[in-house]
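Okay, so here's the structure we're looking at.
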Amino acid sequence: MSDAASYSVRDGIAVITLNNPPVNGLGSVLRPGIMDGIKKAGADPAVKAVVIIGSAKAFSGGADIREFNTPKMLVPPSLPELNDAQDACAKPMVAAIGGFALGGGLELALGCHYRVALPKSQLGLPEVKLGLLPGSGGTQRLPRVVGAAQAVQMMTTGNPVPAEKALALGLVDEIVQGDLLEGALAFARKLIKEKKEPRRIRDMTVKVEGEPKAFFEKARAEVGKASRGFPAPLEIVACVEAAVNKSFDEGCKEERERFQKLVEGNESKALRHMFFAERQTSKIPDVPEDTPTRQIRSAAVIGAGTMGGGIAMSLVNAGIPVTIIEMQREALDRGIATIKNNYASTVSKGRLKQEDMDKRVSLIKSSIRLEDAKDADIVIEAVFERMDVKQDIFRKLDSVMKPGAILATNTSTLDVNAIAEATKRPQDVIGTHFFSPANVMRLLEVVRGAKTAKDVLATTLKLGKQIKKVAVVSGVCDGFIGNRMVEKYGQQSLFLLDEGCTPAQVDAAAYQWGMAMGPLAMGDMAGLDIGWEIRKRRYVERPNLVYSRVGDRIAELGRYGQKTGKGWYRYEAGNRTPIPDPEVDELIKKYRSENNIKTRPIADAEIVERLIYALVNEAAYILEEGIALRASDIDMVYLTGYGFPMYRGGPMFYADTVGLKNVLNSIQRFQSGYQGAVWKPAPLLVKLANEGRRFNE
Ligand code: NAD
């Protein structure tokens, strides 16, 4: 027997203890041990019942992710073979669940005939989050225990249920107060005393709420609507339907087939890529994980505008006290009021307790004196996007902040090195580029300046985790990773309008493909004045960059998007739904005729290719220049900051799926089209395409 599973007998009860830290992943070291234990218990006439127990923290987290995509996954016995052995065991078997039983971990527990759990335990089948379905009978056993509706709910959301709810659902038989093993043994002794037989879930039938056909029609409609583009949730519904209509073994066969289809599909591959990509972002080749970090006990935020307010909320949400600083009292009061309103609206929706709001608000201090930032361990500047203003603030911060404090800027386009040079401590300066709304969006681009110290980078990444962001490191360049790419995407969206598309057509194609919203609706949301300001600067700084001036025409009319009620679309008061506006169509038409642009019908497929490959090509430059450390970091930026569809895995992963050669061929075709000169295939893309390789290898 392997060390990962130990076997002992107490008072005629066999105890199989799982010991495969950190989460009792059902890896190749653990499965054989469990099988041995079940066999031993079956063969020993002195044994009357069996208990399977993990640690107090984890019964089991399911498949061992360290063995994903390795031959170790195939080491026998498989989990279904274990489940068969559990079913075949003639002695009642009890799962003693401490902590969580998730995925394969819950399937192991469902293979047991009874389940007891600690009060704080969590039970769930989260496979859907990786684009999969429970592949070891979970879709057949769970509905037999909790009914079809609950099973659909649990498996299509992937969210676990707490012990108390599991008890109400019949998923656990008893909640153990006190020591888990003692409680499980007592439960097993009771079974023996009452001469209880093994109670196999496979022999039960599924309770369906109402008439089955109608139930599943409704479930399919609801789940389909909630899971745009993701195939797994509907496959799960189909499996539950099989659990109702077919025998257990036939249902398991169907589950296996559907599981296999999902495993091989791009969507699940994309979600698994994302799962691993997220874990990669904090790995910096020259900054080892054990790099000492500085203590962050308090923070200051300069500027209480859109971003400053959101950043302050992110910090206090994680329990870090913040001093917010503005130039003038009115702006400060307005900023603080907005923060309170935001919290109050969350409280009114029932998503935050009043006392938690009060606690968070009490962590916020405010001031109109920059000197009041002086004791903070980190100061984050979020004032107007102007170099002279920022440099002035950093000069002052340099003179007031205590030694060792981190000086961070939230700039989206300015040169972090030039900001750092305004101080005598450029090693302490770093970029923290939050996304709007900063208290909601998960992405945080951490901009590493030429002189940023390693411990400053390590501390900022750690802080990013603490405030629940996905922190991705970017080098210094105009727009960093995300906005530098999005500029090319926006550029193509305008060229598409020039060539004959309407804003609604461009946006619909992008949305259908999976983007959270199309590029023009996104512009309306962010404010068209922002892009306009950037373009005006570009016309001077980089006159070679070509833009369609149609975007300027819109902005010149004061149509700044949602905030003015008009942009690429029009908006009705209090409503964010974009409504196509004939005035805009007229304006675009006029622009085309003034510039003698010939229009043509453009298929949705071409719209998507041009938008997405514009991102991909710029990303290839970014990767080659070392601005991003790895392709998967770029994917994370788009997945967490730009509404890129998760089931496509990010722009780089998507390009890999299409095949880089195909991507390159399309880009070469675009070179001879309208404004084709902007398409310069990145050397890295050309090289990898020619070598038949991928960005994410
Ligand atoms: P904003 O205009 O809403 O807020 C800026 C605030 O800074 C104003 O309240 C202003 O009074 C204050 N301020 C200006 N000078 C100051 C000074 N010397 N001392 C103290 N306060 C001062 O702007 P915003 O949208 O919050 O943007 C702030 C920064 O964040 C900019 O650098 C911007 O590029 C960047 N950013 C913005 C977004 C976005 O979507 N809005 C996203 C990422 C980054």
Just how far, in whole angstrom, is the stretch 296-319 from the stretch 162-226 if you go by their alpha carbon centroids?
44
Which of the trypsin sites (Lys or Arg not before Pro) found in the stretch 369-407 are in a DSSP loop and have at most 15 neighbouring Cβ atoms, other than their own, within 10 Å?
R369, R386
Protection-proxy order for peptides 193-201, 313-321, 107-115, 236-244, each taking the mean of Cβ atoms within 10 Å per residue, highest first
107-115, 236-244, 313-321, 193-201
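Tally the DSSP beta bridges in the chain and give the antiparallel ones as a percent, rounded to 5. Each step should come with its number before you reach the end.
Working: 17 of 61 bridges.
Expressed as a percentage, antiparallel bridges in the chain total about 30.
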Would you pull out the residues with amide H under 5 Å of A58's amide H, same chain only if 5 or more places away, H placed 1.01 Å from N?
F100
Ordered by residue, what ³J(HN,Hα) values in Hz, to whole numbers, does the stretch 495-502 give under the Karplus form 6.51 cos²θ - 1.76 cosθ + 1.60, where θ = phi - 60° and Gly and Pro are x?
4, 5, 5, 3, 7, x, 7, 9
Using alpha carbons only, how many degrees (0 to 90, rounded to 10) separate the axis of helix 528-541 from the longest principal axis of the chain?
60
Rh (Kirkwood; distinct C-alpha pairs) - the stretch 171-318, Å:
21.9
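Whole number in Å², please: accessible area per residue of the chain, 1.4 Å probe, ligands, DNA and RNA not counted. Can you show the working numbers first?
Working: 30180 Å² over 697 residues.
The answer is 43 Å² per residue.
Would you please put 428-441, 542-555 in order of how densely packed they are, using the mean number of other Cβ atoms within 10 angstrom per residue and starting with the highest? Intermediate results must be reported in sequence, preceding the final value.
Working: 428-441: 22.2, 542-555: 16.6.
The most tightly packed comes first, giving 428-441, 542-555.
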Modelled label reach - Q668, point 7 Å along Cα→Cβ, the stretch 616-653 residues with backbone N closer than 20 Å
616-621
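Only helical DSSP H runs with n ≥ 4 go in: add -39500 (n - 2.57) per run for the chain, normalise by residue count and round the 222 nm mean residue ellipticity to 500 deg cm²/dmol.
Mean residue ellipticity at 222 nm (helix-derived): -15000 deg cm²/dmol.
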Give the residues of the stretch 93-127 whose amide nitrogen is closer than 17 Å to a point set 7 Å from the Cα of V263 in the direction of its Cβ.
103-105, 107-108, 126-127
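Is the shape of the stretch 371-476 best called rounded, prolate or oblate, per the rule: a/c under 1.5 gives rounded, else a/b larger than b/c gives prolate, else oblate, with a ≥ b ≥ c the square roots of the Cα gyration tensor eigenvalues?
On the way: a/c = 1.44, a/b = 1.32, b/c = 1.10.
Judged from the Cα gyration tensor, the stretch 371-476 comes out rounded (a/c under 1.5).
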What is the log10 of I(q)/I(0) for the chain, computed with the Debye formula using one identical point scatterer on each Cα and no solvent, at q = 0.09 Å⁻¹?
-0.92
Extended-chain gain in nm, criterion 0.36 nm per residue less alpha-carbon gap, R576 and K340
82.7 nm
Apportionment of accessible area to carbon and sulfur, the stretch 78-122, percent (1.4 Å):
65
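Under 1.5 on a/c is rounded, so check that first for the stretch 35-101, then, if it is not, pick prolate when a/b is larger than b/c and oblate when it is not; a ≥ b ≥ c are the square roots of the alpha carbon gyration tensor eigenvalues. Don't jump to the answer; show the numbers that get you there.
Working: a/c = 2.78, a/b = 1.40, b/c = 1.99.
Verdict is oblate for the stretch 35-101.
For R360, what charge total do you get from the other residues with a beta carbon under 12 Å from its beta carbon, if Lys and Arg give +1 and Asp and Glu give -1? Display every interim value, and only then the final one.
Details: positive: K340, K353, K359; negative: E355, D356, D358.
Result for the local shell: 0.
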Table column - 3J(HN,Hα) (Hz), the stretch 212-227, Karplus curve with 6.51, -1.76, 1.60, x for Gly and Pro
x, 4, 5, 4, 6, 4, 5, 4, 4, 5, 5, 5, x, 5, 7, 10
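Once R0 is set to 22 Å, what does the formula 1/(1 + (r/R0)^6) return for the Cβ-Cβ distance between K72 and T293, expressed as a FRET efficiency to the nearest 0.05? Mind dumping the intermediate values first?
Values: r = 34 Å, r/R0 = 1.55.
So, using R0 = 22 Å, E works out to roughly 0.05.
For A605 and E355, FRET efficiency with R0 = 56 Å and r from the beta-carbon atoms, rounded to 0.05?
On the way: r = 53 Å, r/R0 = 0.94.
Once rounded, the FRET efficiency stands at 0.60.
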If the limit is 29 Å between Cα atoms, which of K402/K465; K72/K462; K129/K365; K40/K196; K207/K468; K72/K190 go over it?
K72/K462; K129/K365; K207/K468; K72/K190
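The values are calculated or read from the model by the stated rules, or taken from the named source; none is laboratory data. Fair warning: this is a prediction, and the values are worked out from it, not measured in the lab. Reconstructed Cβ throughout: ideal geometry from the backbone, glycine too, with neighbour counts over all protein chains shown. Areas reflect the complete protein model, heavy atoms only, side chains present, ligands, DNA and RNA absent. Shrake-Rupley method; radii C 1.70, N 1.55, O 1.52, S 1.80 Å.
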